[in-house]
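What follows is a single structure, written as structure tokens, with notes after it.
The values are calculated or read from the model by the stated rules, or taken from the named source; none is laboratory data. All values reported here derive from a predicted model rather than from experimental measurement. Every residue, glycine as well, gets a Cβ built from its backbone with ideal geometry; the counts of neighbours run over all protein chains shown. Areas reflect the complete protein model, heavy atoms only, side chains present, ligands, DNA and RNA absent. Shrake-Rupley method; radii C 1.70, N 1.55, O 1.52, S 1.80 Å.
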Amino acid sequence: MRSNHWICAVALYCALVGNVACGKRAVYGPPKIPVYIDYPDAGTCSVGRTLCTDDCANLLTNPTHCGTCGTACNADQVCVGGTCTTVCPPGQSACDDLCVNLETNTQNCGQCGNPCPGSQVCSNGVCANSCAGNLVPAPTFGDQGPTTTCVNLRSNSNNCGAVGHACVAGTACADGSCTKVCPGATNCNGTCTDLAADANHCGACGTACPPAELCVNGACAASCAGTLKQCGRSCVDVENSASNCGTCSVACASGQACVNGACTQTCAPLQTNCAGACVSLSTDNANCGACGTHCSGEQSCQAGTCVSGCGATSMLCTDRCTTKNSFNQCGSCGSICGEGEACEQGTCTATCTSGLTHLDGACVSFSADNNNCGALGKVCPVDQTCVNGTCTAFTAAAPVSNCNGRPANIANDENNCGACGHACAAGQSCQQGACVASCGPLWTCGKSCVDLRSNDFNCGTCGTACPLGKSCVNAACVSNVTYLAGLNGAYADCGTYIADIKSDRNNCGACRLECPLEQVCANGACGTSCLGKNLTACAQEGCVNTATSATNCGACGNICAPGSACVSGVCQTACGGNANLQVCGGVCVNTTNDERHCGGCFVPCPAGEFCNASSCVPSCPNGASRCGGSCVNAATDPNNCGGCDLRCPTGQSCNAGVCG
């Protein structure tokens, strides 16, 4: 219906002024700002435009209806963000009283007054038959009349999922389907909008920044944050924008993606090029398992399959699964952060945790992200991984494998379980290199496997999230300050998690300080020796006891099958006949000290308690100290001598808390 209306509107407009949408270059040129109704039969406008008596107008850009219907700018002014001004934003030019991008504007392609013929579009300032990157040609209504422009079918509410399919009744386009609630964004009058970065809706729908300013972290500002580059009224990551690749308005060819600021057909490892967009087929709701496979609103893409229900860190808001960690929905549906704030661990905060960067309303880390290593959009090449913000070559060492150019621990990676590319189905977990049904020894939240004893977004019960400054310990949200006070400095508050900085190779000595790939962490320092007693250095995993480790049994990377246990460095079936071990969810569990299975399978300790000698206790017995989830004797334990994770040099013993 709407496509027919569009044809009628184009025909009427062509009959009046000879519009270029009919494939004819106007001899005298069209009027500066044509007056027309997008859908005349219905008397309605397309999404993003407002009916002003007998005219549909974009109140953000139309100089005859600037900000409100009937508010006209002076003859020497243009309309930017609903405000009359004399200057267009950077990268735009004034053509017939409108600010346009000469690289993409179909009616002013390359220069003012140069319309593209027929159904051609403007790409890189030249008329073409196809669009750049992952965009497609589609009919649109604008201040210059009906025309054909390049749109993104994943986000354009007038062409959602398919050309001509418009979202109605207040819904907006997200991931190629119409929805009432936008995942990770806010529905502003039928358009999914990032209130942290949209200059026309900054911090709230309808709150526009002055013409010379941008929206940064939900507040109007004079310049972009970090390495983002100003392109028009937007801050853009030119390292991975197919429409602004390397610099503003440089568009990649159709089907190409932008990687590290260069157009290419090849995406980063573990990503797939779907019509010019680099996506992860295991998690992308618009390309789930294969390019073009869409999950419905109340589904989520897990392991490349659309499943009913949201993920462990997501929530259902009306009709769509959305993250709990976005500026637009922080912690709960409809909870929008304030001006200049960021969403960290489902909590709005004015200051990000040390080591994190405040960017577009989020607290992000560039220290270990292979697609944003050291800076936004910097993708590590094949066979390298991000270590402390630097792309570093690596050599796989079992149980860590080289999976398509990235390291993956096949012992517990649900996307590479037992072998590269072997993904566990939704509701399964990867235990000892095998997919275990019913989440194995864990719990099911929606369709995700989680540990309710330690998951900050599902603490004690599914959906119970701990606020920033608290962590989930023994199924209860506890103050980080209070919890850390009793751990002798071995643990640190890393904002979104608590880390053992004495032995965690990813947080060695300090949060997010990763050891070189061939080293492990001992006493808060990186090296090749584990120190302590009965510990072996398994590079890229850490220090383990190969006599008892089910994933490094007898040697690094020797994985015992689920239901088997490692006894004296040998995998043995039936849990090795150890009376303290029971098969819980297909995995051998020590029920004497496992707080999820204390004294028996799936017998969790009450919130705030942990398991010691098969009984749930609030604290360690006399003479013992708590280190993480275990009770140790710091007076005699060479691996915790005088305090948690203080290891004695190899060969030394611990006496009265002193190595010697």
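Taking SER335 and the conditions (1) closer than 16 Å to GLY495 by Cα; (2) small (Gly, Ala, Ser); (3) open to solvent by 30 Å² or more (accessible area, probe 1.4 Å), which numbered condition does it fall short on, given that it satisfies the others?
That leaves (1) as the condition not met.
Does region 465-497 hold any residues that are open to solvent by 30 Å² or more (accessible area, probe 1.4 Å) and either of a type in the set (Val, Ile, Thr) or over 25 Å from ASN639 (Cα atoms) (or both), and which are they?
Across region 465-497, the qualifying residues are ALA465, PRO467, LEU468, GLY469, LYS470, CYS477, VAL478, SER479, VAL481, THR482, THR496.
Taking region 586-617 as the search range and keeping residues that are closer than 19 Å to ASN455 by Cα and of a type in the set (Gly, Ala, Ser), which one is most open to solvent (accessible area, probe 1.4 Å)?
Among them, the one singled out is ALA607.
Of everything in region 319-332 that's of a type in the set (Gly, Ala, Ser) and not in a strand (DSSP E or B), which residue is most open to solvent (accessible area, probe 1.4 Å)? Before the answer, list the steps.
Initially, region 319-332 is screened for residues of a type in the set (Gly, Ala, Ser), giving 326, 331-332.
Next, only the ones that are not in a strand (DSSP E or B) stay: 331-332.
On the way: GLY331: 33, SER332: 57 Å².
Of everything passing the filter in region 319-332, SER332 is most open to solvent (accessible area, probe 1.4 Å).
What residue, of GLY577, GLY542, GLY557, is modelled with pLDDT under 95, out of contact with any Gly (no Cβ under 8 Å at 6 or more places or on another chain), of a type outside the set (D, E, K, R) and open to solvent by 50 Å² or more (accessible area, probe 1.4 Å)? Working first, answer last.
Details: GLY542 fails: open to solvent by 50 Å² or more (accessible area, probe 1.4 Å); GLY557 fails: open to solvent by 50 Å² or more (accessible area, probe 1.4 Å).
Among GLY577, GLY542, GLY557, only GLY577 is modelled with pLDDT under 95, out of contact with any Gly (no Cβ under 8 Å at 6 or more places or on another chain), of a type outside the set (D, E, K, R) and open to solvent by 50 Å² or more (accessible area, probe 1.4 Å).
In region 405-464, which strands (runs of 3 or more DSSP E) lie fully inside it and hold 1 or more residues that are at pLDDT 90 or above and surrounded by 23 or more Cβ atoms within 10 Å (Cβ to Cβ)?
429-431
Need the failing condition index for GLY361 against (1) open to solvent by 50 Å² or more (accessible area, probe 1.4 Å); (2) out of contact with any Lys or Arg (no Cβ under 8 Å at 6 or more places or on another chain); (3) not hydroxyl-bearing (Ser, Thr, Tyr), just the number.
With (1) open to solvent by 50 Å² or more (accessible area, probe 1.4 Å); (2) out of contact with any Lys or Arg (no Cβ under 8 Å at 6 or more places or on another chain); (3) not hydroxyl-bearing (Ser, Thr, Tyr) applied to GLY361, the lone miss is (1).
Kindly evaluate LEU98 against the criterion of being open to solvent by less than 40 Å² (accessible area, probe 1.4 Å), within 23 Å of PRO146 (Cβ to Cβ) and among the aliphatic types (A, V, I, L, M). I'd like the intermediate steps shown before the answer.
Numbers: open to solvent by less than 40 Å² (accessible area, probe 1.4 Å): yes; within 23 Å of PRO146 (Cβ to Cβ): yes; among the aliphatic types (A, V, I, L, M): yes.
For LEU98, the condition - open to solvent by less than 40 Å² (accessible area, probe 1.4 Å), within 23 Å of PRO146 (Cβ to Cβ) and among the aliphatic types (A, V, I, L, M) - is met.
Have a look at GLY599, GLY629, GLY576 and point out the one that is touching a strand residue (DSSP E or B) at 6+ places or on another chain (Cβ under 8 Å) and touching a residue at least 40 places away in the same chain (Cβ under 8 Å).
Values: GLY599 fails: touching a residue at least 40 places away in the same chain (Cβ under 8 Å); GLY576 fails: touching a residue at least 40 places away in the same chain (Cβ under 8 Å).
None of the others qualify; the one that does is GLY629.
Of everything in region 499-508, what is without any contact (Cβ under 8 Å) to a residue 60 or more places away in the chain and open to solvent by 40 Å² or more (accessible area, probe 1.4 Å)? Give them in sequence order. So that I can check it myself, show each step before the final result.
Within region 499-508, the subset without any contact (Cβ under 8 Å) to a residue 60 or more places away in the chain is 499, 501, 504-505, 507-508.
Result: ASP504, single match.
Of all residues in region 110-135, count the ones that are surrounded by 20 or more Cβ atoms within 10 Å (Cβ to Cβ) and among the hydrophobic types (A, V, I, L, M, F, W, C).
The initial filter retains those residues of region 110-135 that are surrounded by 20 or more Cβ atoms within 10 Å (Cβ to Cβ), namely 115-116, 121-123, 131-135.
Now drop any that are not among the hydrophobic types (A, V, I, L, M, F, W, C), which leaves 116, 121-122, 131-132, 135.
Here the count works out to 6.
So in region 49-63, with the set limited to residues that are part of a loop (DSSP other than H, G, I, E, B) and at pLDDT 95 or above, which one is nearest to ALA199 (Cα to Cα)? Explain how you work it out, then say what you get.
Here is the first cut: in region 49-63, the residues part of a loop (DSSP other than H, G, I, E, B) are 49, 53-54, 58-63.
Among the residues that remain, those that are also at pLDDT 95 or above are: 49, 58-63.
Numbers: ARG49: 17, ASN58: 15, LEU59: 14, LEU60: 11, THR61: 13, ASN62: 16, PRO63: 18 Å.
So, considering only residues that are part of a loop (DSSP other than H, G, I, E, B) and at pLDDT 95 or above, the one nearest to ALA199 (Cα to Cα) is LEU60.
For region 508-609, list the strands (runs of 3 or more DSSP E) that sit wholly inside it and hold at least 2 residues that are of a type outside the set (A, V, I, L, M) and touching a His at 6+ places or on another chain (Cβ under 8 Å); which are they? Steps first, please.
Details: elements: 520-522, 525-527, 536-538, 542-544, 565-567, 570-572, 581-584, 587-590.
Per the criteria, 581-584.
Yes/no matrix, rows are residues, columns are (1) of a type in the set (Gly, Ala, Ser); (2) open to solvent by less than 50 Å² (accessible area, probe 1.4 Å); (3) free of Cβ contacts under 8 Å to residues at least 60 places away in the same chain:
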site: GLY43; (1), (2), (3): yes, yes, yes
site: ASP54; (1), (2), (3): no, no, yes
site: ASN58; (1), (2), (3): no, yes, no
site: HIS65; (1), (2), (3): no, yes, yes
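Search region 618-654 for residues being more than 24 Å from LEU452 (Cβ to Cβ) and assigned to a strand (DSSP E or B), and hand back the single one that is most open to solvent (accessible area, probe 1.4 Å).
SER625
Out of the residues in region 366-384 that are of a type in the set (S, T, N, Q) and under 26 Å from VAL450 (Cβ atoms), which is surrounded by the most Cβ atoms within 10 Å (Cβ to Cβ)? Talk me through it step by step, then tell me what you get.
Let us first name the residues in region 366-384 that are of a type in the set (S, T, N, Q), namely 367, 370-372, 384.
Pick out the ones that are also under 26 Å from VAL450 (Cβ atoms) and you get 367, 370-372.
On the way: SER367: 21, ASN370: 20, ASN371: 20, ASN372: 24.
Among those residues, the one meeting the criterion is ASN372.
Every residue in region 248-303 that is within 30 Å of LYS229 (Cβ to Cβ), more than 18 Å from the chain's Cα centre (by Cα) and hydroxyl-bearing (Ser, Thr, Tyr), please.
SER249, SER254, THR264, THR266
Residues VAL603, VAL632, VAL589: which one is within 26 Å of ALA565 (Cα to Cα) and at pLDDT below 90?
Details: VAL603 fails: at pLDDT below 90; VAL589 fails: at pLDDT below 90.
None of the others qualify; the one that does is VAL632.
Being surrounded by fewer than 20 Cβ atoms within 10 Å (Cβ to Cβ) and of a type outside the set (S, T, N, Q) is true for just one of ALA162, ALA174, ALA185. Which residue is that? Before you say what the answer is, go through the steps one by one.
Numbers: ALA174 fails: surrounded by fewer than 20 Cβ atoms within 10 Å (Cβ to Cβ); ALA185 fails: surrounded by fewer than 20 Cβ atoms within 10 Å (Cβ to Cβ).
After applying the criteria, what remains is ALA162.
If you check GLY43, GLY67, which single one turns out to be modelled with pLDDT of 95 or more and at positive phi?
On the way: GLY43 fails: modelled with pLDDT of 95 or more.
On inspection, the qualifying residue turns out to be GLY67.
Can you report the number of residues in region 340-354 which are in contact with an Asp or Glu (Cβ under 9 Å, 6 or more places away or on another chain), in a strand (DSSP E or B) and either in contact (Cβ under 8 Å) with a residue 60 or more places away in the chain or more than 16 Å from LEU195 (Cα to Cα) (or both)?
Qualifying residue count for the region: 2.
Please specify each residue of region 451-477 satisfying the condition of being within 25 Å of GLY642 (Cα to Cα) and of a type outside the set (S, T, N, Q). Explain how you work it out, then say what you get.
Our first condition is that a residue be within 25 Å of GLY642 (Cα to Cα); within region 451-477, this holds for 473-474.
Selection gives VAL473 alone.
Answer yes or no as to whether CYS122 is farther than 20 Å from HIS165 by Cβ, at pLDDT below 95 and under 32 Å from the mean Cα position of the chain (by Cα). I'd like the intermediate steps shown before the answer.
Working: farther than 20 Å from HIS165 by Cβ: yes; at pLDDT below 95: yes; under 32 Å from the mean Cα position of the chain (by Cα): yes.
It is true that CYS122 is farther than 20 Å from HIS165 by Cβ, at pLDDT below 95 and under 32 Å from the mean Cα position of the chain (by Cα).
Looking at the structure I just gave you, is VAL520 more than 29 Å from the chain's Cα centre (by Cα) and at pLDDT 90 or above?
No; evaluated as a whole, the condition is false for this residue.
Out of all the residues in region 465-475, which are of a type in the set (A, V, I, L, M, F, W, C), in contact with an Asp or Glu (Cβ under 9 Å, 6 or more places away or on another chain) and assigned to a strand (DSSP E or B)?
The initial filter retains those residues of region 465-475 that are of a type in the set (A, V, I, L, M, F, W, C), namely 465-466, 468, 472-473, 475.
Those still in the list that are in contact with an Asp or Glu (Cβ under 9 Å, 6 or more places away or on another chain) too: 465-466, 468, 472, 475.
Passing the criteria: only CYS472.
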